[in-house]
1. Order by neighbour count: 76, 66, 110, fewest other Cβ atoms within 10 Å first, most last.
2. Label points 7 Å out from Cα along the Cβ direction at residue 95 and residue 130: separation in nm?
3. Taking R0 as 22 Å, what's the FRET efficiency between residue 46 and residue 84 from their Cβ-Cβ distance, rounded to 0.05?
4. How would you rank 114, 65, going from fewest to most other Cβ atoms within 10 Å of each one's own Cβ?
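Readers should treat all values here as calculations from the given coordinates under stated rules, not as data from a laboratory. Quantities reported herein were computed from a predicted structural model and do not represent experimental measurements. A quick note on method: Cβ atoms are made from the backbone with ideal geometry, for glycine too, and the neighbour counts reach across all protein chains shown.
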Amino acid sequence: MKKLMIIIAICSLFTLLLVGCGADRSESAASNASASDKQVQMNDTQFMQPSITIHKGASIALIATTFTPHIIANGTWDNGQAKAARESGAPEVQNMQVNGNSSSNVGPFTTAGTFKLYCTIHSGMNLTVIVQ
């Protein structure tokens with residue numbers, strides 16, 4: 001019985017440690033993005049907002065708020081099919097890995113227009129970047 005209580009106590013401490021570290025990493029990922037960057041958060045399978053509008057010359061920070069990794073590229077999901085495509089003037093994004101609870105910057109976007117990004121491993125995970 002004593003051994004069981006010790007095991008439960010150790011498991012509880014380990015769980016608290018993991019939860020505490022996860023929260024700190026998420027906050028640090030958000031704080032690593034510079035103030036001039038526009039932020040787009042990602043959960044397990046979606047961008048938290050489907051589009052973002054920025055000014056010419058700005059970058060965006062893609063922030064993973066969970067432990068799920070993402071691979072970002074130019075293009076979009078269309079009716080369940082991945083369609084890799086890079087619009088003229090878009091920064092090249094090819095196989096950009098954003099691991100769980102981290103962030104990566106895309107840009108700068110130097111040309112006005114509408115640009116598409118998608119996660120190559122999560123069907124339907126699309127982001128539209130509107131540059132003015």
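1. On the way: 76 18, 66 15, 110 12.
Neighbour counts put them in this order, fewest first: 110, 66, 76.
2. 3.4
3. On the way: r = 19 Å, r/R0 = 0.88.
Rounded to the nearest 0.05, the efficiency is 0.70.
4. Going from least to most buried by this count: 114, 65.
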